[in-house]
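Everything below concerns the one structure shown next.
The values are calculated or read from the model by the stated rules, or taken from the named source; none is laboratory data. Since the structure is predicted, the reported quantities are computational estimates derived from the model, not experimental observations. Glycine gets a Cβ as well: all are built from the backbone with ideal geometry, and neighbour counts include every protein chain shown.
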Amino acid sequence: MPEIISNITAAIRITDVLDIGIVTFVIYKIMEFIKETRAQQLVKGLLVLVLATFLSGELGLYTLNWMLRGGMTIGVIALVIIFQPELRRGLEYVGRQKLPLKSPLGEIGKEKAKEISNQLGRAVDDFSGRKTGALIVFEKEVALKEVSETGTLLDADISLELLENIFYEGSPLHDGAVIIRGARIHAAGCVLPLTQNRGLSKDLGTRHRAGIGITEHSDALALIVSEETGIISIAREGKLSRFLDVKSVEKELLNFYLGGLEDRRSKLLRKWRKRHVPKQEG
């Protein structure tokens, strides 16, 4: 037995271990991605069809096996159509991984970030007190061009007065989302993709589901004020934090702006050290 194990381990190369590790990681990420989504049910149905095709061939059920094999041939095209939302979401997930792209947050300094956070804090406090529904999305590294084009482009300074006018109930833009790019209101009245997460509370309406949806498709942050209750919420990476106060909102926004700046500064510092600081031996 020890000799057999020794022979097996001797035949395994480092590249084999690397190959198995990569495949395992890819399968894990795919399973993690489709977990608790509509794709999970579709995958189960596909596995049933594959198993039925195999068993029908083994049991000699030739007519059924012929039909299933024919269906599997056409099924490749059908899968692309059926899984279109999931495939698009997966490609967006891969595409929004950290890349050295220019970010609108890079144009904002510490004082400007504090000013923006203060303006937004005052705005959501006002909206919450008057139970005015609001949905404000902060663009980060993933550009929200397609979403912005569904609304009205403004390119205006962030101010309490402008936000109040946008989300005023009689305004034609109040039902949509505001997109903030850097230090400016880029667009208003925008339509966002709704989340497909079935585990959310039924008390959450379209505004909250849209706020969560855009954070599933990008690295944006969504600030939401409920029209029914005045509750302030923030969505990030598909997760919702509720019952926030003004100080919590300002803190989250500061972390959003300044955190992005610190990440870029740290990367630049590491690159500079790598080039100019000699490595210590020993």
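Would you call residue 42 hydrophobic (A, V, I, L, M, F, W, C) and either in contact with a Lys or Arg (Cβ under 7 Å, 6 or more places away or on another chain) or at pLDDT below 70 (or both)? Yes, satisfied.
If only residues of the range 132-166 that are among the acidic types (Asp, Glu) and closer than 17 Å to residue 257 by Cα are counted, the one that is surrounded by the most Cβ atoms within 10 Å (Cβ to Cβ) is 139.
With the requirement that a residue be among the β-branched types (Val, Ile, Thr) and not in a helix (DSSP H, G or I), what does the range 185-237 give you? So that I can check it myself, show each step before the final result.
We begin by selecting, within the range 185-237, every residue among the β-branched types (Val, Ile, Thr); these are 185, 191, 195, 206, 212, 214-215, 224-225, 229, 231-232, 234.
Hits for the range 185-237 are 185, 191, 195, 224, 225, 229, 231, 232, 234.
Restricting to the range 202-236, and then to whatever is modelled with pLDDT under 90 and more than 16 Å from the chain's Cα centre (by Cα), can you tell me which residue is surrounded by the fewest Cβ atoms within 10 Å (Cβ to Cβ)? Per the criteria, the residue is 202. Which ones in the range 171-184 are touching a residue at least 24 places away in the same chain (Cβ under 8 Å), in a loop (DSSP other than H, G, I, E, B) and in contact with a strand residue (DSSP E or B) (Cβ under 7 Å, 6 or more places away or on another chain)? If the condition is that a residue be touching a residue at least 24 places away in the same chain (Cβ under 8 Å), in a loop (DSSP other than H, G, I, E, B) and in contact with a strand residue (DSSP E or B) (Cβ under 7 Å, 6 or more places away or on another chain), then 176 is the only one that fits.
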